[in-house]
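Participant: Sharing a structure with you now.
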Amino acid sequence: MNKWKLALLVCCLSIYFTFSSSTSTFAMHIMEGFLPVKWVIFWWIIFLPFFILGLRSLLRVTRKNPELKLLMALSGAFTFVLSALKIPSVTGSSSHPTGVGLGAVLFGPLAMTVMGSIVLLFQALLLAHGGLTTLGANAVSMAVVGPLVAYGIYCFGMKTSISQRLIIFLAAFFSDLATYVVTSFQLALAFPDATGGISASFLKFVGIFAITQIPLALTEGLLTVIVWNFLCTYSRHELEQLRKGV
Amino acid sequence: MMNRFDTIAYNNRLRKVPPEQKVFFSFLLLLIVMLGNRDMQTVIIIWLAVWIVWYARVSWQVYVKALLLVSAFLCVSLPLLIVSIDHSFHISVNSSNISLVITLCFRSIAAWSCLFFLLVTTPFTEFLYTLKRMKVPSIIIELLFLTYRFVFVFARAADELHVAMKARSGGNHWRHAAMLIFQLIQKTWLYYEALSFALRARSFSGEITYVQKEGDVLCKRYLFEAIIGVVMIVLLGVIGGELL
């Protein structure tokens, strides 16, 4: 292979990886119009009960303590800003942590379902990422399964004698992973492979997304632990207030 | 990006058109896109481009840039659908999937156009007002409103923090990113406390009301074009034969 061909190949590959890594969190949001109508309806139907449950718990809490509305909105805005901003991170690229793991540990999974969906709606209406028709599917992966996994791991871990930091890391890491596995599953269901069916298609999506999502999940896990450390050191009082509040 | 879209939403030629009309129009078109065939989707893409660039006077550079970004994302994800891998790791290109991919391309871009039209012509607060008239539970609207209020404050705070860190030659290390996030959390918390004090001082009882100015005039010219256009597109679908 001569020099120019090699240069061209390297150029193409780097463009491909730049785009695919800068859109890696958008890849976790299925874009507007990508899913066929029947899957749009299906995922909305799965999503709505969780949303209503979350809303009911939120209503119950805010009736007792109306100020918590502010706090919820604040955490939503915070998650959104994190996902919209480019934060200096590993390998010089920029990644957008989802913040769902931390949110679920701080506020509980049901409240995070509502806030996660609101963040998704904001991403659709302020940035045109994700979409309204695919909101149901995206919310199931990011706002339902992600927080549930994070909270499950956190609760289970607190009963054992594993160090708290490791638990927080695992919660954030696995909630990210779960989000991307569910997204791959949703895509596989909607677009089964012509020869291998749904399972082959699922493996294909999981395999490709793993390139960007596993480093991203690791980064998010580490970031969450460090933020948690800071919180424990400097904001113990607020953390206790949160525990009492929600 | 976010700031720019929001600014455009407040300063475009269709700003004076009642928000209900714009929301209803884009939702209706979205429904047609999801159910319709490729001809209808193509017509909708072109028609909405005219609405966005010509009627709303959104700079065409912004529109093209946003469109290119979406197309780039589509291009990255579409090859996955064409290539199929079987159990013995034979990679093959499936020609039957190519038509599926083209359909998907048209549907995605058409649906995105509807979303983008809504995004650049309707300010978020007016969208919320429409939701209120659609009888969406008030807690959702309150949360959305408060979140919207906070988003820009934090985006700015985060920006300032970033600049401050850069000015002190903070590096690209991920530890710095975590520090930034933590400081943002702290600022957020201070802001939350200040706001809750302020609200309590004004005897906050749990309900936040805000004023929506009335008196947008119904613009007959746009309404007329919208109705005629939608009818024509539906007719195109019926004549084309394959709705759904």
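The values are calculated or read from the model by the stated rules, or taken from the named source; none is laboratory data. A quick note: this is a predicted structure, and the numbers were derived from the prediction, not measured. Heads up, the Cβs are rebuilt from the backbone with ideal geometry, glycines too, and the neighbour counts pull from every protein chain shown.
Participant: I'd like to verify a number: residues in segment A:183-207 that are surrounded by fewer than 20 Cβ atoms within 10 Å (Cβ to Cβ) and more than 8 Å from chain B (Cβ to nearest Cβ), how many? Spell out how you get there, then give the answer.
Facilitator: If we filter segment A:183-207 for residues that are surrounded by fewer than 20 Cβ atoms within 10 Å (Cβ to Cβ), which is where we start, we get A:185, A:189, A:192, A:194-200, A:203, A:206-207.
Still in the list and also more than 8 Å from chain B (Cβ to nearest Cβ): A:185, A:189, A:192, A:197-199, A:206-207.
Number of matching residues: 8.
Participant: Working carefully through the options A:SER57, A:SER95, find the one that is at pLDDT below 80 and touching a helix residue (DSSP H, G or I) at 6+ places or on another chain (Cβ under 9 Å). Walk me through how you get there before you give the answer.
Facilitator: Values: A:SER57 fails: at pLDDT below 80.
One residue alone meets the criteria, A:SER95.
Participant: Give me a count of the residues in segment A:37-52 that are surrounded by fewer than 17 Cβ atoms within 10 Å (Cβ to Cβ) and farther than 13 Å from A:ALA139 by Cβ. Outline the logic, then answer.
Facilitator: Initial filter on segment A:37-52 (surrounded by fewer than 17 Cβ atoms within 10 Å (Cβ to Cβ)): A:37-38, A:41, A:45-46, A:48-49, A:52.
From what's left, farther than 13 Å from A:ALA139 by Cβ: A:37-38, A:41.
So the answer is 3.
Participant: Residues that are closer than 25 Å to B:VAL64 by Cα, at the interface with chain A (Cβ under 8 Å from one of its Cβ atoms), in a helix (DSSP H, G or I) and of a type in the set (A, V, I, L, M, F, W, C): does segment B:166-181 have at least one? Explain how you work it out, then say what you get.
Facilitator: Quick first cut of segment B:166-181, residues closer than 25 Å to B:VAL64 by Cα only: none.
The answer is no; no qualifying residue exists.
Participant: While we're looking at this one, here's another question. Does segment B:124-140 contain any residue that is closer than 15 Å to B:ASN3 by Cβ and buried (at least 18 other Cβ atoms within 10 Å of the Cβ)? Step through it out loud before you land on a result.
Facilitator: Here is the first cut: in segment B:124-140, the ones closer than 15 Å to B:ASN3 by Cβ are B:124.
With the extra rule that they be buried (at least 18 other Cβ atoms within 10 Å of the Cβ), the set shrinks to B:124.
Checking segment B:124-140: at least one residue is closer than 15 Å to B:ASN3 by Cβ and buried (at least 18 other Cβ atoms within 10 Å of the Cβ).
Participant: Could you tell me which numbered condition B:ARG57 fails, if it satisfies all but one of (1) at positive phi; (2) surrounded by 14 or more Cβ atoms within 10 Å (Cβ to Cβ)?
Facilitator: All conditions pass for B:ARG57, except number (2).
Participant: Can you give me the number of residues within segment B:15-44 that are farther than 16 Å from B:ILE233 by Cα and within 13 Å of chain A (Cβ to nearest Cβ)?
Facilitator: Residues in segment B:15-44 being farther than 16 Å from B:ILE233 by Cα and within 13 Å of chain A (Cβ to nearest Cβ): 3 in total.
Participant: Conditions: (1) at pLDDT below 80; (2) more than 8 Å from chain B (Cβ to nearest Cβ). A:LEU223 meets all but one. Number of the miss?
Facilitator: So the condition that A:LEU223 fails would be (2).
Participant: Test A:SER14 against the stated conditions and say whether it is surrounded by 13 or more Cβ atoms within 10 Å (Cβ to Cβ), assigned to a helix (DSSP H, G or I) and modelled with pLDDT under 85.
Facilitator: Numbers: surrounded by 13 or more Cβ atoms within 10 Å (Cβ to Cβ): no; assigned to a helix (DSSP H, G or I): yes; modelled with pLDDT under 85: yes.
Spelling it out, it is not the case that A:SER14 is surrounded by 13 or more Cβ atoms within 10 Å (Cβ to Cβ), assigned to a helix (DSSP H, G or I) and modelled with pLDDT under 85.
Participant: Among the residues of segment B:110-125, are any more than 10 Å from chain A (Cβ to nearest Cβ) and modelled with pLDDT under 85?
Facilitator: Among the residues of segment B:110-125, not one is more than 10 Å from chain A (Cβ to nearest Cβ) and modelled with pLDDT under 85, which makes the answer no.
Participant: While we're on this one: Select, from B:VAL93, B:VAL101, B:VAL136, the only residue that is more than 9 Å from chain A (Cβ to nearest Cβ), in contact with a strand residue (DSSP E or B) (Cβ under 7 Å, 6 or more places away or on another chain) and β-branched (Val, Ile, Thr). Write out each step before concluding.
Facilitator: On the way: B:VAL101 fails: in contact with a strand residue (DSSP E or B) (Cβ under 7 Å, 6 or more places away or on another chain); B:VAL136 fails: in contact with a strand residue (DSSP E or B) (Cβ under 7 Å, 6 or more places away or on another chain).
Within the list B:VAL93, B:VAL101, B:VAL136, the selection yields B:VAL93.
Participant: Moving to a separate point now. In this structure, does A:ILE118 turn out to be surrounded by fewer than 21 Cβ atoms within 10 Å (Cβ to Cβ) and modelled with pLDDT of 80 or more? Even if it seems obvious, please write down each step before you answer.
Facilitator: Working: surrounded by fewer than 21 Cβ atoms within 10 Å (Cβ to Cβ): no; modelled with pLDDT of 80 or more: yes.
Considered against the rule, which asks whether it is surrounded by fewer than 21 Cβ atoms within 10 Å (Cβ to Cβ) and modelled with pLDDT of 80 or more, A:ILE118 comes out as no.
Participant: Considering (1) within 7 Å of chain A (Cβ to nearest Cβ); (2) surrounded by fewer than 21 Cβ atoms within 10 Å (Cβ to Cβ), say which one B:VAL151 fails and leave the rest.
Facilitator: So the condition that B:VAL151 fails would be (2).
Participant: Taking the options A:LEU166, A:LEU170, A:LEU120, A:LEU177, name whichever one is within 14 Å of chain B (Cβ to nearest Cβ) and either part of a helix (DSSP H, G or I) or closer than 30 Å to B:LEU119 by Cβ (or both).
Facilitator: Testing whether each residue is within 14 Å of chain B (Cβ to nearest Cβ) and either part of a helix (DSSP H, G or I) or closer than 30 Å to B:LEU119 by Cβ (or both) leaves just A:LEU120.
Participant: Any residue at all in segment A:208-216 that is surrounded by fewer than 20 Cβ atoms within 10 Å (Cβ to Cβ), of a type in the set (Phe, Trp, Tyr) and within 26 Å of A:PRO36 (Cβ to Cβ)?
Facilitator: Within segment A:208-216, the subset surrounded by fewer than 20 Cβ atoms within 10 Å (Cβ to Cβ) is A:208, A:210-211, A:214-215.
Filter once more, keeping what is of a type in the set (Phe, Trp, Tyr): none.
The answer is no; no qualifying residue exists.
Participant: Let me ask another. Only one residue in A:LEU239, A:LEU216, A:LEU222, A:LEU189 is within 30 Å of A:MET31 (Cβ to Cβ), assigned to a helix (DSSP H, G or I) and over 19 Å from the mean Cα position of the chain (by Cα). Which one?
Facilitator: Answer to the selection: A:LEU189.
Participant: Can you tell which of A:ALA137, A:ALA128, A:ALA190, A:ALA143 is of a type in the set (A, V, I, L, M) and at pLDDT below 85? Working first, answer last.
Facilitator: Values: A:ALA137 fails: at pLDDT below 85; A:ALA190 fails: at pLDDT below 85; A:ALA143 fails: at pLDDT below 85.
Just a single option satisfies the conditions, and that option is A:ALA128.
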